[in-house]
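Asker: The structure follows.
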Amino acid sequence: MSETTYALDRDLREAEAMAEGLLSYLQQDRLYGSVGSGGLFGGGSMPSLTIGALLMRLRRLQALSDSLTDAQREQLRRVVAAHDSVRKEWTLRYTDRLLQEATSRLKAMDAFFEECEDNPRTCARNYMPETLRRNIVQDIHAALTELGAESAELDRALRNADGKLRRTTAPAEFVWSKALQPAYPQSPYWWLYALPPTPEEK
């Protein structure tokens, strides 16, 4: 699903599938897991299963809960309970995987920053995947803080990435679907209100 064409019901179904696959995911070593071949989606594509991808969906679905039907709110309650149950049983593994994922996603952003330096004309065109990475890291960071598992190394990496993001972007209108804007206030999600300027705008 593109974050610029948001569908709340799809987000909920994806969160449900991810929560159902979370235990199996934690028992494996792959950082980016999968949920079946089409699974609940009738052969449609599924995003990769990571804890961060699930956390992002849970947080914004809860933020947008006023837009859910009663049945959807009950479905979300069950998904949250399934996630919480696995997290409590596998806390150490869960925490380690979160740190691994955040580090991986921040490192992946380096290619974008290098590309922007080498070819500024492509920077704005390739920005959207970085907003997704940065959002997921934000929700991972919040989860680690809640678990009392803060990492000074992750904090440094996050500050470094944000410094590069700020140097690469300029203020803009909300860059994701307007339906998601209530879930993402400008503080702390400032990168969703920014875009790399084109060379002509500099």
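The values are calculated or read from the model by the stated rules, or taken from the named source; none is laboratory data. Note that the coordinates shown come from a computational prediction; the quantities given were computed from them, not determined experimentally. Note that we place each Cβ from the backbone using ideal geometry, even for glycine, and neighbour counts take in every protein chain shown. Ligands, DNA and RNA are stripped out before the accessible areas are found, and what is left, the full protein with its side chains, is counted by its heavy atoms. Shrake-Rupley method; radii C 1.70, N 1.55, O 1.52, S 1.80 Å.
Asker: Is it true that some residue in segment 82-100 is modelled with pLDDT of 95 or more, within 21 Å of TYR189 (Cα to Cα), out of contact with any Lys or Arg (no Cβ under 9 Å at 6 or more places or on another chain) and among the hydroxyl-bearing types (Ser, Thr, Tyr)? Quick ask: steps written out before the conclusion?
Answerer: To start, the set of residues in segment 82-100 that are modelled with pLDDT of 95 or more comprises 82-100.
Then drop every residue that is not within 21 Å of TYR189 (Cα to Cα), which leaves 98-99.
When the remaining residues are screened for being out of contact with any Lys or Arg (no Cβ under 9 Å at 6 or more places or on another chain), the result is 98-99.
If we keep only those that are among the hydroxyl-bearing types (Ser, Thr, Tyr) as well, we get none.
Taking every residue of segment 82-100 in turn, none turns out to be modelled with pLDDT of 95 or more, within 21 Å of TYR189 (Cα to Cα), out of contact with any Lys or Arg (no Cβ under 9 Å at 6 or more places or on another chain) and among the hydroxyl-bearing types (Ser, Thr, Tyr).
Asker: I need the full set of residues from segment 80-124 which are more than 17 Å from the chain's Cα centre (by Cα) and under 24 Å from ALA183 (Cα atoms), in order please.
Answerer: The answer is ALA81, ALA82, ASP84, ARG87, ALA124.
Asker: Same structure, new question: Would you mind stating whether SER151 is over 13 Å from the mean Cα position of the chain (by Cα) and small (Gly, Ala, Ser)?
Answerer: yes
Asker: Quick test of your reading of the structure: ILE136 fulfils all but one of (1) within 13 Å of the chain's Cα centre (by Cα); (2) open to solvent by 30 Å² or more (accessible area, probe 1.4 Å). Name the failing condition by number.
Answerer: The failed condition is (2).
Asker: Could I ask something else about it? Quick one: would you say PRO129 is within 27 Å of ASP9 (Cα to Cα) and either in contact with a Lys or Arg (Cβ under 6 Å, 6 or more places away or on another chain) or not in a loop (DSSP other than H, G, I, E, B) (or both)?
Answerer: When the stated conditions are applied, PRO129 passes them.
Asker: What's the number of the condition LYS202 fails, among (1) surrounded by 13 or more Cβ atoms within 10 Å (Cβ to Cβ); (2) at pLDDT below 95?
Answerer: Of (1) surrounded by 13 or more Cβ atoms within 10 Å (Cβ to Cβ); (2) at pLDDT below 95, only one is false for LYS202: (1).
Asker: Check THR95, THR69, THR168 and return the single one that is farther than 17 Å from MET18 by Cβ, loosely packed, with under 12 Cβ neighbours inside 10 Å and not basic (Lys, Arg). Lay out the reasoning, then the answer.
Answerer: Values: THR95 fails: loosely packed, with under 12 Cβ neighbours inside 10 Å; THR168 fails: loosely packed, with under 12 Cβ neighbours inside 10 Å.
Testing whether each residue is farther than 17 Å from MET18 by Cβ, loosely packed, with under 12 Cβ neighbours inside 10 Å and not basic (Lys, Arg) leaves just THR69.
Asker: Still on this structure, I have one more. Which of (1) in a helix (DSSP H, G or I); (2) among the aromatic types (Phe, Trp, Tyr); (3) under 16 Å from the mean Cα position of the chain (by Cα) does TRP176 not meet, given it meets every other one?
Answerer: Result: TRP176 fails condition (1) only.
Asker: Continuing with the same structure: Just checking, which of ALA102, ALA124, ALA111, ALA142 is open to solvent by 30 Å² or more (accessible area, probe 1.4 Å) and closer than 19 Å to ARG59 by Cα?
Answerer: None of the other options fit; the residue is ALA142.
Asker: Looking at segment 186-196, which of its residues are over 15 Å from the mean Cα position of the chain (by Cα) and either under 18 Å from ARG57 (Cβ atoms) or open to solvent by 30 Å² or more (accessible area, probe 1.4 Å) (or both)?
Answerer: Within segment 186-196, GLN186, SER187, LEU195 meet the criteria.
Asker: Does ARG77 qualify as being buried (at least 16 other Cβ atoms within 10 Å of the Cβ) and within 17 Å of LEU55 (Cβ to Cβ)?
Answerer: Details: buried (at least 16 other Cβ atoms within 10 Å of the Cβ): no; within 17 Å of LEU55 (Cβ to Cβ): yes.
Considered against the rule, which asks whether it is buried (at least 16 other Cβ atoms within 10 Å of the Cβ) and within 17 Å of LEU55 (Cβ to Cβ), ARG77 comes out as no.
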